[in-house]
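Reading through the structure tokens given below for one structure.
The values are calculated or read from the model by the stated rules, or taken from the named source; none is laboratory data. Quick caveat, the model's predicted, so the values are computed rather than measured. Virtual Cβ from ideal backbone geometry, glycine too; neighbours counted across all protein chains shown. For the accessible areas, the whole protein counts, side chains as well, though only heavy atoms, and no ligand, DNA or RNA atoms are used. Shrake-Rupley method; radii C 1.70, N 1.55, O 1.52, S 1.80 Å.
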Amino acid sequence: MKIPKQLNTFCPKCKSHTRHSVSLYKAGKRRTLALGELRHAMENRGYGGSKKPIQKRLAKVTKKAALKLKCEKCGYTLSRKGIRLKKADIV
Ligand SMILES: [Zn+2]
């Protein structure tokens with residue numbers, strides 16, 4: 001699906017419709033020292049393999065693409081609900 005680079009939408013901070021620049025949401029970098037991350041590493045150590053099975057057949061074919069909209073007037077960023085797309089093209 002083609003998504004425009006800029007679009008006009010409501011900004012809750014400006015309380016009016018303003019121009020927004022569009023980008024795709026990407027998950028942040030995992031913190032290696034987070035407790036869950038450390039625990040997972042500990043459980044996977046040594047003899048016995050991984051704690052949870054690796055999923056091989058997934059039900060869904062696509063991934064959700066969430067849009068990040070940044071107001072060009074005040075800089076406030078809002079995110080749109082993710083939609084299932086095979087390919088998201090920002091043009
Ligand atoms: Zn704004």
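Would you tally the residues in the stretch 1-35 being of a type outside the set (Val, Ile, Thr), near the ligand (Cβ under 10 Å from one of its atoms) and either open to solvent by 100 Å² or more (accessible area, probe 1.4 Å) or part of a strand (DSSP E or B) (or both)? Spell out the reasoning first.
Keep residues of the stretch 1-35 that are of a type outside the set (Val, Ile, Thr), which gives 1-2, 4-8, 10-17, 19-21, 23-31, 33-35.
Pick out the ones that are also near the ligand (Cβ under 10 Å from one of its atoms) and you get 10-17, 19-20.
Among the residues that remain, those that are also either open to solvent by 100 Å² or more (accessible area, probe 1.4 Å) or part of a strand (DSSP E or B) (or both) are: 10-11, 13, 15-17, 19-20.
Number of matching residues: 8.
Here Lys81 meets each of (1) touching a residue at least 60 places away in the same chain (Cβ under 8 Å); (2) out of contact with any Asp or Glu (no Cβ under 7 Å at 6 or more places or on another chain); (3) open to solvent by 70 Å² or more (accessible area, probe 1.4 Å); (4) away from the ligand (no atom under 16 Å from the Cβ) with one exception, condition (1).
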